[in-house]
Amino acid sequence: MKAIATIVLLIALVSALSQALASDAKSSVEIYVTAKATGQRLAKIEEVELAESAPLSEKDQYIFVDASKTFQTILGIGGALTDDAAETFYKLPKDKQQEILTKYFDPQNGIGYTLGRTHINSCDYPSQESYTYVKDGDAQLTSFDIAPDLKYRIPFIKEVLATAGSNNFTLFASPWSPPAWMKDNDNLLHGGKLKPEFYESWARYFGKFINAYEKAGVPIWGVTVQNEPMSAQKWESCVYTAEEERDFVKNHLGPILLQDGLKDKKIIIWDHNRNFMYQFASVILDDPAAAKYVWGVGYHWYVGDNFENVKRVHEAYPKTHLLFTEGCNYPFEFGKINDWQWGELYGKSMINDFNNGAEGWTDWNVLLDEQGAGNHLYAPIHADVKTGELFYMNSYFYIGQFSKFIRPGAKRIISSSTTDKLMTTAFLNPDRKIAVVVLNLSDSPESFNLCLNSQSVKATSPAHSIITLVKEQ
């Protein structure tokens, strides 16, 4: 009887193994595409079965994916929830408001944004009134009140959280300027520096902001120290040297957040362009007393690509996290809203940033009006507030080729292209789905073999397109 039972068990195991192998052999890849001059926007164009790979040939083009080699874990992909975005949102009819929420933040019916940025005090939109949360000269912050944010911004963010799911959305905040009376130019605008005697008050200001937002139902995951600390702008701005930011973090912001019971809140340094990213960050990260408070380095894209500087920081400080905190296209011209270049700039940046170690990617305003609002910039969605009509730029779909298929907790994996015409990055999601993004900036369609272990599929990347190939692992 034992022998019979053993034979039956072996037959069952062989059958299960055969079924598993057959299932793997029949596994398929779904292909989604956004392509110029086709009308295809995040369109599922086909589902192709994987087959045994043919011998390699130098006549063919390949993208090799290796899910056994994993790198950084993804925090999220999203955009900024600003006053301007919120005010534009509430000028629209209810059905258009709901469309925006769904299209951005619903993972099934939209592109599933999971990361957001907002601002402490007013930010860089000269059409809006500048404001802070305290009365002039109140160094004790007893008058602290986020009332300016309660009219539009906080209600908007709460609607975002309700759509995305508060547990599925990460929000960080950045200041553009301390209150004018804390600065040596006595002005929110035009740069200036934080006076040393107000370092402690300004550090406590961060904690007040975090607690006030959380009391209002908006959790804050972390903060950047200063938006664009090397830039004295005509709008809200404040200038720090690397040494000044280091000392502010080391002696004030880090210890005070710790004292206030906010040690879990992340501190992000730099928050400016890639060009001086290494030089500025290294001053802070080379000081252990400052670095112990720093979660990561944030950066923007406005002065050159400089992708190698992201890599330099990652190589020198592999335990420090990297986060793209702001980028957008400009100057705004409504007649050029459909130019294909806008989306391609996002695709190129996102692939390079992720391949160089970024753990998240944050676009600038999620929504602007038909004028590009106060600073005349592009956003992935524009609204004509007079008619209620919405305009989706191709940048919305390019970002969506990442955000819809690369979810929080995903790990970047190897994705290697044999041709310069195809850029690529790939991720293994928590649900074991593999997402491979392929970008074609050329004028011609490019055929390639997507190879995963011993299996492959043939695919074509149309001219000026971005495609995402999704496989069950």
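The values are calculated or read from the model by the stated rules, or taken from the named source; none is laboratory data. As the structure is a prediction and not an experimental result, all values here were calculated from the model. Methodologically, a virtual Cβ is constructed for each residue, glycine included, from the backbone with ideal geometry; neighbour enumeration extends over all protein chains shown.
Filtered by the rule that a residue be within 13 Å of residue 119 (Cβ to Cβ) and in contact with a Cys (Cβ under 8 Å, 6 or more places away or on another chain), region 194-238 gives 226, 227, 235, 236. For region 281-307, a tally of residues being among the aromatic types (Phe, Trp, Tyr) and part of a helix (DSSP H, G or I) returns 1. Among the residues of region 228-280, the ones that are of a type in the set (Gly, Ala, Ser), in a loop (DSSP other than H, G, I, E, B) and within 26 Å of the chain's Cα centre (by Cα) come to 3 in all.
Checking the conditions here, which among 432, 407, 412 is more than 26 Å from residue 268 (Cβ to Cβ) and at pLDDT 95 or above?
Numbers: 407 fails: more than 26 Å from residue 268 (Cβ to Cβ); 412 fails: more than 26 Å from residue 268 (Cβ to Cβ).
Criteria check complete, one pass: 432.
Remark: pairs (first residue in region 280-308, buried (at least 21 other Cβ atoms within 10 Å of the Cβ); second residue charged (D, E, K, R); Cβ separation under 6 Å; 6+ apart in sequence or on different chains) = 284/246; 290/246; 290/250; 298/271; 299/274; 300/326.
Residues considered: 87, 49. Of these, the only one that is at pLDDT below 95, over 18 Å from residue 437 (Cβ atoms) and surrounded by fewer than 22 Cβ atoms within 10 Å (Cβ to Cβ) is 49. Among the residues making up region 311-340, those that are outside any loop (DSSP other than H, G, I, E, B) and touching a residue at least 12 places away in the same chain (Cβ under 8 Å) are 311, 312, 313, 314, 316, 321, 322, 323, 324, 325, 326, 334.
Here is the figure for region 357-379: residues that are part of a strand (DSSP E or B) and of a type outside the set (Gly, Ala, Ser) total 8.
Quick grid of which residues meet (1) among the small types (Gly, Ala, Ser); (2) at pLDDT below 95:
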position	(1), (2)
298	yes, no
303	no, yes
318	no, no
351	no, no
354	no, no
358	yes, no
